Amino acid sequence: LPMEGRWRNKIDPIIGNKAIGRLTIGDLQDVVDRALAEGYARKSLQNLRADISAFLKWCRKHKYSTLTAEDVEIPKSAKPSERRILQPQDMIVLFNVDTTVIHGQRVEEPYINAFRLEVLTGMRPGEINGLRWEDWSGDQINLRRAINTYGEETTGKNANAKRAIYLSSLARQTLE
């Protein structure tokens, strides 16, 4: 889970050996500041602060501490993450290359058709993960579910998530 990874990689190395009752806002600010120095974007720092806030809330409920995360600040110098939009040359690669590079080795990409289907239909990753063969009928996919980051089946992102997706010939070919 993303929160576990942030805790293990960013929070625990700084405060992991310190008793809860001895934690200070400065200790927690150090976590955010170090992540900023490592190049974390504003949204990632906000997620890190939210993790700290959840931990402090748990501590308060169990009467281990009275700290709150209100004073842990996201530095003004934190930049928003830059979005890289898929470019035409990226589309050529997506539809012509079935491999990816992992640890310097070129290997088969097991999810290549899922990535292609996302681009061709505009479906969200969780919707792709939630697909079942019975959802597909001819030139249409009926979205009925999504799988969230915790592996749980949901009804989708919002009230409009249950919908029909009409398939182009290339999207149908990708499914086949």
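The values are calculated or read from the model by the stated rules, or taken from the named source; none is laboratory data. Just so it is clear, the model here is predicted, and its values are computed rather than measured. Virtual Cβ from ideal backbone geometry, glycine too; neighbours counted across all protein chains shown. Surface accessibility is based on the protein's heavy atoms, side chains included, excluding ligands, DNA and RNA. Shrake-Rupley method; radii C 1.70, N 1.55, O 1.52, S 1.80 Å.
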Filter the range 35-73 down to the residues that are over 21 Å from the mean Cα position of the chain (by Cα) and basic (Lys, Arg) and list them by number.
Lys57, Arg60, Lys61, Lys63
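Condition first: over 29 Å from Ile11 (Cβ atoms), touching a strand residue (DSSP E or B) at 6+ places or on another chain (Cβ under 6 Å), open to solvent by 70 Å² or more (accessible area, probe 1.4 Å) and not in a loop (DSSP other than H, G, I, E, B). Can you find one or more residues in the range 88-98 that meet it?
Checking the range 88-98: not a single residue is over 29 Å from Ile11 (Cβ atoms), touching a strand residue (DSSP E or B) at 6+ places or on another chain (Cβ under 6 Å), open to solvent by 70 Å² or more (accessible area, probe 1.4 Å) and not in a loop (DSSP other than H, G, I, E, B).
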Residue pairs within 7 Å by beta carbon, gap of at least six or interchain, first lying in the range 15-35 and more than 16 Å from Lys57 (Cα to Cα), second part of a helix (DSSP H, G or I) and open to solvent by 60 Å² or more (accessible area, probe 1.4 Å), listed first then second, are Val32/Arg49
Residue list for the range 56-87, restricted to those being touching a residue at least 40 places away in the same chain (Cβ under 8 Å) and surrounded by 10 or more Cβ atoms within 10 Å (Cβ to Cβ)
Tyr64, Ser65, Leu67, Ala69, Asp71, Val72, Glu73, Ile74, Pro75, Ala78, Ser81
Could you check, for the range 139-159, whether at least one of its residues is among the hydroxyl-bearing types (Ser, Thr, Tyr), open to solvent by 90 Å² or more (accessible area, probe 1.4 Å), over 30 Å from Arg34 (Cβ atoms) and in a strand (DSSP E or B)?
no
Given the conditions (1) more than 24 Å from the chain's Cα centre (by Cα); (2) farther than 30 Å from Pro110 by Cα, report the number of the one that Gln89 does not fulfil.
(2)
Test: residue in the range 44-66 that is assigned to a helix (DSSP H, G or I), over 30 Å from Arg116 (Cα atoms) and β-branched (Val, Ile, Thr)
yes
Would you confirm, using the coordinates I've provided, whether Ala114 is under 19 Å from the mean Cα position of the chain (by Cα) and hydrophobic (A, V, I, L, M, F, W, C)?
yes
Screening Arg163, Arg116 for residues that are at pLDDT 95 or above, surrounded by 12 or more Cβ atoms within 10 Å (Cβ to Cβ) and touching a Leu at 6+ places or on another chain (Cβ under 9 Å) leaves only Arg116
Filter result (open to solvent by less than 80 Å² (accessible area, probe 1.4 Å) and either farther than 22 Å from Glu70 by Cβ or within 23 Å of the chain's Cα centre (by Cα) (or both)) within the range 8-18:
Lys10, Ile11, Asp12, Gly16
Of the residues Gly39, Gly21, which single one is open to solvent by 50 Å² or more (accessible area, probe 1.4 Å) and not in a helix (DSSP H, G or I)?
Gly39
